[in-house]
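Below you'll find the structure, written out as structure tokens, and then a few comments.
The values are calculated or read from the model by the stated rules, or taken from the named source; none is laboratory data. Since the structure is predicted, the reported quantities are computational estimates derived from the model, not experimental observations. Quick reminder, even Gly has a Cβ in these numbers, built from the backbone with ideal geometry, and neighbours come from all protein chains shown.
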Amino acid sequence: MTQFTAQKILFDLDGTLVDTAPDLHAATNHTLQTIDRPPVPIDAVRHMTGFGAVKLIETALETTGGIEGYDFAKLRDVFLEYYSENICVHSALYPYCLDMLKQLGGAGFQLAVCTNKPIGLAVPLLEKLEIYSLFGAVTGGDSYSFKKPDPRHIQKTAELLPGHGPALMVGDASPDILGAQAASIPVIAVDYGYADQPIEALKPNHIIGSLADLPALLRLPTA
């Protein structure tokens with residue numbers, strides 16, 4: 001069995017640990033309603049959920065008649081106000097997520113979240129799902145002046161964890177995989193997330209279909 005030596009395990013959030021698409025979809029349709037556009041089905045926006053509010057809105061507008069003439073900054077504010085108030089209505093941890101995090105933490109791995117979600121949304125979501133305390137660090141897309149796939153986002157997040165051991169990234173889409181590759185650290189991809197292209201094409205080091213499979217792939221560095 002392939003195993004990866006790592007002390008610090010960095011996780012993406014949306015599409016990796018948490019299925020956030022239902023609440024992001026609801027916020028998208030709320031935004032459309034304010035401009036008298038019809039709602040879109042969740043499959044129209046699911047694969048855009050990792051690319052931010054503006055991309056979600058843009059995709060929804062294109063689906064319902066076009067994007068010309070709209071103030072995206074204003075629509076983004078409408079979206080974020082609704083989403084922040086309804087951030088964990090239908091969002092849920094993926095199967096085995098909690099058990100996996102507790103198993104890795106108990107085994108001595110250092111855990112962090114490295115997400116492009118704004119930190120002001122990421123932390124409340126983790127708190128509502130009661131997993132925030134399991135992480136030694138959490139960084140968002142606005143924690144620095146750069147974000148994934150910029151490798152510095154991953155590198156800076158790893159540096160927030162204690163020790164100098166090797167790091168590994170776990171994610172579902174191109175920002176995670178390309179960022180980890182640019183940072184020269186291994187990346188394990190999940191195949192159930194929000195990737196906008198076949199995950200195999202991005203050539204992660206390994207692909208898993210369940211978070212239950214992750215612990216067996218990891219080992220701590222020897223002294």
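Just a few scattered comments:
- Condition met for Phe135 (under 14 Å from Asn116 (Cβ atoms), of a type in the set (Phe, Trp, Tyr) and either modelled with pLDDT under 95 or not assigned by TED's automatic domain parsing to the domain that holds Gly50 (or both)): no
- Given (1) surrounded by fewer than 17 Cβ atoms within 10 Å (Cβ to Cβ); (2) modelled with pLDDT under 95, index of the condition Ala107 fails: (2)
- A residue that is over 20 Å from the mean Cα position of the chain (by Cα), assigned to a helix (DSSP H, G or I), touching a residue at least 12 places away in the same chain (Cβ under 8 Å) and surrounded by 13 or more Cβ atoms within 10 Å (Cβ to Cβ) occurs nowhere in the stretch 80-94.
- Yes/no for Leu98 being surrounded by 20 or more Cβ atoms within 10 Å (Cβ to Cβ) and assigned by TED's automatic domain parsing to the domain that holds Asp142: no
- Members of the stretch 110-133 found to be crowded, with 17+ Cβ neighbours inside 10 Å, touching a helix residue (DSSP H, G or I) at 6+ places or on another chain (Cβ under 8 Å) and over 21 Å from Phe79 (Cα atoms), listed by number: Leu111, Ala112, Val113, Cys114, Ile131
This table checks each residue for (1) crowded, with 17+ Cβ neighbours inside 10 Å; (2) under 18 Å from Met48 (Cβ atoms).
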| residue | (1), (2) |
| --- | --- |
| Pro166 | no, no |
| Val190 | yes, yes |
| Ala195 | yes, yes |
| Ala212 | no, no |
| Leu217 | yes, no |
